[in-house]
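Just so you know, all these numbers are worked out from the coordinates, no wet-lab data involved. This one's a predicted model, so the numbers in the text were calculated from it and none came from an experiment. Heads up, the Cβs are rebuilt from the backbone with ideal geometry, glycines too, and the neighbour counts pull from every protein chain shown.
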Amino acid sequence: MASRGLRGAGSGEAAREHLAAGQPIYIANDQTPANHVIRRYPDGRQELLDCSNLDELRVVAELEPVQPIAPGQSPSAPALIGE
């Protein structure tokens, strides 16, 4: 799966820094629906967001939580719950 999120951050360092600072990150991959991104929180919670209207991001699904990103690991987007 190729990541479309955090371009140029192949090591995932920027993502880890944001999460360590308590900030969510936004990621997507080839399986993420068009006009959608995944918001990943530092505690591992994830939400699928509809970005069709950038003035109003809308949560359309809760996703399976993940473990925090480990050193040397790049973030990747998960499948929807039940897939």
| query | Once you list every other residue whose beta carbon is under 15 Å from the beta carbon of ALA20, what net charge do they have if Lys and Arg are +1 and Asp and Glu are -1? | reply | -1
| request: Using a Förster distance of 22 angstrom, determine the FRET efficiency expected from the C-beta separation of ALA34 and LEU57, and round it to 0.05. | output: 0.90
| task | Between beta-carbons, use under 9 Å as the cut-off and find the net charge around VAL59, counting Lys and Arg +1, Asp and Glu -1. | result | -1
| If each of GLN67 and ARG45 carries a label point 7 Å out from its Cα toward its Cβ, how far apart are those two points in nm? | 2.2 nm
